[in-house]
Each structure stands twice: as structure tokens, then as C-alpha cells.
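Peer 1: Pasting a structure below so you can have a look.
The values are calculated or read from the model by the stated rules, or taken from the named source; none is laboratory data. What you see is a predicted model, and the numbers here were worked out from it, not measured in a lab. All Cβ positions, even for glycine, are placed from backbone atoms using ideal geometry, and neighbour counts span all protein chains on display. For accessibility, only protein heavy atoms count, side chains too; no ligands or nucleic acids. Shrake-Rupley method; radii C 1.70, N 1.55, O 1.52, S 1.80 Å.
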Amino acid sequence: MHRTTLTLHSQFSIGDVSPLIFGGFLEHLGRSIYTGVYDPSSAHADADGMRVDVIDALRELQMTIVRYPGGNFASGYHWRDGIGPKDARPKVRELAWQSIEPNTFGTDEFVKLCRKLDWQPMLAVNLGTGTPEEARDWVDYCNSPTGTRFADERAANGSEAPHAVPIWCLGNEMDGPWQLGHVPAGQYAIRAQQAAKMMKDCDRSIATVACGSTGPMMDTFLEWDREVLEHLGGLADYVSLHRYVGNRNGDSAEFLAVTNSVDRQIEAVDACTRFISEQRQSSERAGLCFDEWNVWYRARGGDGGGAFAPELLEERYNLEDALVVAMFLMSFIRHADCVKIANLAQLVNVIGPVMTRGDDLMKQTIFHAFRMISARKMGISLRGAVRGPTYTGERYGEVAYLDHAAVLDGDRLHVFAVNRSLDEDLPLTIDCADRPIAKVLDAEILHAPLQAENSFDEPNAVAAVPFDGWVTNRSAEAVLPPHSFTATTFALDP
């Protein structure tokens, strides 16, 4: 393949990379929580019933924020069911995933898990079957100092100090007919405005995430976002985006081009927020919160059959899925001026980077892709100019064989690169026009057969290994193997 050149300049910045784009998502769905992060019967359980092996694995991902309790689950969840003495909590039939919910893991347990992993907690209120007042009461329970009914109840449940939950989602996927309490945009906007007003009156420090359209596959796309943001005005600090992708047709070249569409989705919703801010004659616009994203297309059945912790949506990931996960994160970095929060959906068992089987644990291929970027998260996103070969797909148009993102962190430069080619090496030159590249500080590569996946029997079939292929002399050169992902940190001359 002809050489590709990536040209960077330290002054050609997009914006600071928000550490909150390295977030996750926990939902009461299948084995995500029960037998996932929380399993008092496990040999790995700590005094709080949390699985230490799962916590240790998730800690490697260096996540910053985690969304809870859903997802579709949120639209039928009443938060008071999940607080207080566990033997007094109701066992209910959960309708989103047709499962039995014992409520032994709730608000206080989630916050305790967040503290163990240094995550910011992010809660999604029930605007499906719940009420705006119920949402306000949850803010009071979590964030108010003692002296109110709900804050005193929190203290009685063992948490004298406020939980200080900073970010609250105003419902979930309310444009979707599958959602409990689904309504048209105008009706949702009224409900969300009422909730946001009371929630912010209860705690003026919180930020809210308006429920955006579920994605470009929906007839509601953009028109829903416009109507909701027009009505909420300054009460919406963020608007949500969701996206799940997959290789349903077995066309790997097309699948690896899907982030063209992710880029367009981000830019379209950001254009909508810009329109609204100009319409309001405001200098501020809603940030983008990509609070559900992942590869998900194989394990689609969502009916738990009335069971407790059924095996639902347990996707098994291969190398090409890991490449797409890396490219999602690179897209967020390239849009650092507008994408401020993102949550990989989900974390354990359910379309997750970590799987459990009894007391065993396995890290999926996507675990490694996420970790490789999260470990190099801090800095300023740089706008790169790519010159090199391209190919054209049927759905996503022309793409460069190189997908990339670059982050400047003082005298360090982090460069992430995917070679989309299925069968050819990609010679790559990186040139930082105003800051010569002095040396490589560290580099890793994720490379294996395209369909290779990890399993409990072969947990390291796909894993990151050191990459020693760089040659530096003011610029940097390497040959990237086909279908590979490389994460490198360079030292720049002052």
C-alpha cells in the first residue's frame, strides 16, 4: 500500500479532551449487576457484596463516570424500591427486560461502588412511568445535606454525607416505541422541563442531560432533538446520543468504515445545538453526551422470561469489534469541542468488556481497545491532515485506510491509529510540523486474526502487546499491520 502521512501542528487544536468521555454504563439487565459487579455469594465478594475481581478489572479501564440504573430499565424504576433494609425491599417484575428484580442493589450500593472505583455517579431518572416530583425527590435524597425528609432518610440508610451526584439524565430513549411511557417529543419536553426545573431548584449545582433521539435510524432523528431543546432551553446542559453498530452482513471492510456515520451523527446533533443556541441568542449550547454506544448485533434477545439475572445480551467480541470500539473513542476525541460525556454500554456480561462465569473472569477484546486509549486520555485534541490511500463503501462512503486521533499533553503526543485494510500493511509517517518528535515513550498494538476472540479457555487470544516498530527522526515512521490498532506516546522536543 502507498504511504500515508499524518500531519499535525500543536496550534491546530480542536479542544480539551473531556475525561468524561471515558465513561461506562450499568443497567439492571441480565447479569450486568447481579453475578456481575454485585454477587455476595461469590468467593470474590467483599464486605459490601461487590466482586473484587470485577472491580480490579474495571479499574484498569480508568473510567471516570458511570451511568445508572438504565437504559430501558430506568423508565419503570422507582428509586425508593432500592433503598433501606434489603430484606424490606420489594421484589418486582421488571417489564423492560421481563425479569425479576429483587432491588438488593440500589442507589446507595451504586454510589458505594463508584467510590471504590473513583467514578462520578450519573443517574437516569424515570420519566416513563415516574413523575417529575419523584425525580426531584431522588435529587434531594442524593444531594441535600441532612435536615430534609429524604436527606435524613439517606443518613438513616448509612450515608450521612450527601452522595453529590453531579449529572442527571432526564429519562431514556423516550422517542422509542419500546420504551415504557413513550410519548411524542412535545409531551416528553414538557415532562422533562418540569423535572429539570424542580431538580435544579433542589440542587442548583447539578447538570442535566436531555433525552435526544435514539439515533439516525429513527424517523425522529434531529427533529426530536430540535423540539426538545427548544422547549428546555437553558435547563438542558447536555443532549444524549445513542449508537449501536454491527457487522450483520459479514462485510468487514464496510463495518470498519462505520465511524464515518458516527462522525456525521455527532456533527448533525452538534449543528442542532448550535441552531438552538443562536435561536435563543445564547452564547452557550448543550454539550453532547454519547451515553450509550458499543458494538451490539449478535445477542439481541431481551426477554428474561420472568427469571432473576437471566443471561441476556451477552455479546462475544472479536478483533474487528475492538477496532470499531477504538474508532468510536477516536471519533469522540476528534470532536472534543462538542462531545463532553460518553458511556460505553455496558460494563459486565451484558455487551460488556468484562465477562464472568461463576467465580471466573475474562476480559473481552474490546477491553483492551478501551484501556489503550483511556490510559492516554489527558490533553488537547489536535486536528490532523491525512494524505494517503482510501476506499469506498456502499453505505458509509469514502474513508482513509488510516483512522486516527491525536492528543497533545504538554511535551507528550498520544497518537491512536487503526489500519482498516483487511490484508495490506500501511506505511505511516507522523509529522508534527512545529514540534519535532524526539522519541517513543511507549507503544502498544492490538493485532490478531480479524475474527479472533477471547474465551475463558483462551483469555489472551487477543491482547495488547508492546509495539517496537517506530523509527523516529524529527518525524515518526512505522508499518502498521493489516486490521490493527496502535496506541503510542511520543516525546516532543520542547
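Peer 1: Using Cα positions and a limit of under 24 Å, work out the lysines in reach of Lys197, with same-chain residues fewer than 8 apart set aside.
Peer 2: Cα-Cα hits under 24 Å: Lys340.
Peer 1: Additional query: From the residues Val125, Gly186, Trp168, which one has its Cα farthest along the dipole of region 122-217 in the positive direction, the dipole being from +1 and -1 charges on Cβ of Lys/Arg and Asp/Glu about the Cα centre?
Peer 2: With unit charges placed on the Cβ atoms, the residue in question is Gly186.
Peer 1: Same structure, new question: Taking the Cα atoms only, what angle lies between the long axis of helix 132-143 and the longest principal axis of the chain, rounded to 10 degrees?
Peer 2: That works out to roughly 70 degrees.
Peer 1: Along the charge dipole of region 221-304, Cβ charges K/R +1 and D/E -1, which of Leu229, Phe275, Ser261 sits furthest on the positive end?
Peer 2: Ranked along the dipole, the leading option is Ser261.
Peer 1: Under a straight-distance cross-link criterion of Cα-Cα below 19 Å, which lysines are reachable from Lys112, leaving out those fewer than 8 residues away in the same chain?
Peer 2: List returned: Lys86.
Peer 1: From largest accessible area down, sort Trp178, Trp293; use a 1.4 Å probe on the protein chains.
Peer 2: Highest to lowest solvent-accessible surface, that is Trp178, Trp293.
Peer 1: Additional query: Taking each pair of distinct Cα atoms in region 230-340 once, what is the resulting Kirkwood hydrodynamic radius in Å?
Peer 2: Here the Kirkwood hydrodynamic radius works out to 16.1 Å.
Peer 1: Please sort 238-244, 408-414 by packing, taking for each peptide the average over its residues of neighbouring beta carbons within 10 angstrom, highest first.
Peer 2: 238-244, 408-414
Peer 1: Next up: Sketch the reach of a paramagnetic label on Val52 as a point 7 Å from Cα along Cα-to-Cβ, and name the residues of region 99-123 whose backbone nitrogen lies under 17 Å away.
Peer 2: Within reach of a label on Val52, which here means backbone N under 17 Å from a point 7 Å along Cα→Cβ, region 99-123 contributes 113, 116-117.
Peer 1: Another question about this same structure. So which lysines can Lys439 reach, going by Cα to Cα under 20 Å and dropping same-chain residues fewer than 8 places off?
Peer 2: By straight Cα distance, Lys439 reaches Lys377.
Peer 1: Could you do me a favour and compute the accessible area per residue for region 268-415, 1.4 Å probe, result in Å²?
Peer 2: Result: 34 Å² of accessible area for each residue.
Peer 1: Which value results when the Cα radius of gyration for the chain is divided by 2.2 N^0.38 Å?
Peer 2: 0.97
Peer 1: Region 421-494 to region 189-209: how many Å between their Cα centroids?
Peer 2: 45 Å
Peer 1: Another question, then. Using mean Cβ contacts within 10 Å as the protection proxy, how do 44-52, 376-384 order, highest first?
Peer 2: 376-384, 44-52
Peer 1: Per residue, what volume in Å³ does the convex hull of the Cα atoms of region 93-188 enclose?
Peer 2: 121 Å³
Peer 1: Can I ask one more? At a probe radius of 1.4 Å, what is the per-residue accessible area of Tyr77, in Å² to the nearest 10?
Peer 2: Tyr77 exposes around 10 Å² with every protein chain in place.
Peer 1: Rounded if a/c is under 1.5, else prolate if a/b is larger than b/c, else oblate: which is region 366-494, with a ≥ b ≥ c the root eigenvalues of its Cα gyration tensor?
Peer 2: Oblate shape, in that a/c is at least 1.5 and b/c is the bigger or equal ratio.
Peer 1: Sorted from largest down, give the three principal axis spans of the alpha carbons of region 150-211, whole angstrom values.
Peer 2: 40, 23, 15
Peer 1: Right, another one. Report the convex hull volume per residue for region 307-416, counting only C-alpha atoms, in Å³.
Peer 2: Hull volume over Cα atoms, normalised by residue count, gives 151 Å³.
Peer 1: I'm checking a number: the convex hull volume of the Cα atoms of region 230-287, normalised per residue, in Å³. What is it?
Peer 2: Dividing the Cα hull volume of region 230-287 by its residue count gives 81 Å³.
Peer 1: Additional query: Over region 1-153, what percent of the accessible surface lies on carbon and sulfur atoms, probe 1.4 Å?
Peer 2: 51 percent
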